[in-house]
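A.B. asks: Please read through the structure below; I'll follow up with questions.
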Amino acid sequence: GENVEQHPSTLSVQEGDSAVIKCTYSDSASNYFPWYKQELGKRPQLIIDIRSNVGEKKDQRIAVTLNKTAKHFSLHITETQPEDSAVYFCAASIEAGTALIFGKGTTLSVSS
Amino acid sequence: GAVVSQHPSRVICKSGTSVKIECRSLDFQATTMFWYRQFPKQSLMLMATSNEGSKATYEQGVEKDKFLINHASLTLSTLTVTSAHPEDSSFYICSARGAGYGYTFGSGTRLTVV
């Protein structure tokens, strides 16, 4: 089955800096790669996703890149703000029907 | 957008009792429901996948007789934790998929077994 590795587990940045979180996946059949932000005790919130036919996607300060050959994808947050502080999870699935398999999460702290 | 309602949001039960958690898709037909468990400061771990009208498929290490999943309709799936013990205390969350709808998460259930 799919296995998703995520690094780093914690990340501390200054407000305004960029943050990068990286994930690798094992199943070459996976074709859907979302990123979630989760606050304590809440459901994961989808912030951006990418499908395997695309190499990069951007939404304002957030971007995701995908390298299918290397089986890794990354989340880039620019101009970080204190409200970006949260736990971020990457995930992978075969979009037609399999479950999302999550990475272990990254706790991002943005200090002002 | 798609909404999945999950109840209860919090439950405290005594050791040895059973607890039922419900997930309802409010505005779409959930052909597939995924159930996850999340321990404090850990990731979401897939417990089982259920397709409407079929038996659930459990992940390795998840006891099917302890975590009973029912998905008898396209709008309702339930997870029953039977004979709960303190080690079952966790955050349980469902995720539904339907035709034309992506992964929609419920709001989660915080289970505490005392």
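What follows draws every value from the coordinates through simple rules; no lab data is involved. All of these numbers come straight from a predicted model, not from anything done at the bench. Methodologically, a virtual Cβ is constructed for each residue, glycine included, from the backbone with ideal geometry; neighbour enumeration extends over all protein chains shown.
A.B. asks: Please order A:Leu108, A:Leu100, A:Leu46 by the number of other Cβ within 10 Å, starting at the fewest.
C.D. replies: So the ranking, lowest neighbour count to highest, is A:Leu46, A:Leu108, A:Leu100.
A.B. asks: Translational diffusion coefficient, Stokes-Einstein: compute it for segment B:35-114 using the Kirkwood radius over C-alpha pairs as Rh, at 10 °C and 1.306 mPa s, and state it as an integer in µm² s⁻¹.
C.D. replies: Calculated translational D: 120 µm²/s.
A.B. asks: Only four residue types carry charge here, +1 at the Cβ of Lys and Arg and -1 at the Cβ of Asp and Glu. Report the dipole size of chain A about the Cα centre in Debye, rounded to the nearest 20.
C.D. replies: With only Lys, Arg, Asp and Glu charged at Cβ, the dipole is about 220 debye.
A.B. asks: Separate question: Counting other beta carbons within 10 Å of each Cβ, put A:Ser109, B:Ser25 in order, fewest first.
C.D. replies: So the residues, fewest neighbours to most, are A:Ser109, B:Ser25.
A.B. asks: Given the convex hull over the Cα atoms of segment A:1-91, what projected area results after averaging over all orientations, in nm²?
C.D. replies: Its average projected convex-hull area is 6.0 nm².
A.B. asks: Cut-off 13 Å, label point 7 angstrom out along Cα-to-Cβ of A:Ser112: give me the residues of segment A:1-44 whose amide nitrogen falls inside.
C.D. replies: Residues A:15-16 qualify, since their backbone N sits under 13 Å from the label point.
A.B. asks: Now, a different point. Select from B:Gln60, B:Tyr92, B:Leu26 the residue farthest towards the positive end of the dipole of chain B; place +1 on Cβ of Lys and Arg, -1 on Cβ of Asp and Glu, and compute about the Cα centre.
C.D. replies: B:Tyr92
A.B. asks: Residues in segment B:4-18 near a label at B:Glu87, defined as backbone nitrogen under 20 Å from the 7 Å Cα→Cβ point?
C.D. replies: Under cut-off, by backbone N: B:13-18.
A.B. asks: Something else now. Please list, in order along segment B:101-109, the HN-Hα scalar couplings obtained from phi with the Karplus expression 6.51 cos²θ - 1.76 cosθ + 1.60 (θ = phi - 60°), rounded to whole Hz, x for Gly and Pro.
C.D. replies: Karplus-based 3J(HN,Hα) across segment B:101-109 equals 10, x, 6, 10, 8, x, 8, x, 10 Hz.
A.B. asks: Mind jotting down a quarter of the surface of the convex hull over the alpha carbons of the protein assembly as shown, in square nanometres, one decimal?
C.D. replies: For the protein assembly as shown, averaging the hull's shadow over all directions gives 12.3 nm².
A.B. asks: When B:Ile21, A:Ile50, A:Ile62, B:Ile12 are ordered from fewest to most other Cβ atoms inside 10 Å of their Cβ, what list results?
C.D. replies: Numbers: B:Ile21 24, A:Ile50 20, A:Ile62 17, B:Ile12 12.
By the 10 Å Cβ count, ascending, the order reads B:Ile12, A:Ile62, A:Ile50, B:Ile21.
A.B. asks: Give the residue from A:Gly103, A:His76, A:Ser93 lying farthest towards the positive end of the charge dipole for chain A; charges sit on Cβ (+1 for Lys and Arg, -1 for Asp and Glu) and the dipole is referred to the Cα centre.
C.D. replies: Going by the Cα projections, it comes out as A:Ser93.
A.B. asks: Starting from the Cα of A:Lys68, draw a straight line to each of the lysines and keep only those under 26 Å, dropping any in the same chain fewer than 8 residues away.
C.D. replies: Reachable lysines: A:Lys22, A:Lys37, A:Lys57, A:Lys58, A:Lys104.
A.B. asks: Taking the Cα centre as origin and putting +1 on Lys and Arg beta-carbons and -1 on Asp and Glu beta-carbons, what dipole magnitude results for segment B:1-101, to the nearest 20 debye?
C.D. replies: 140 debye
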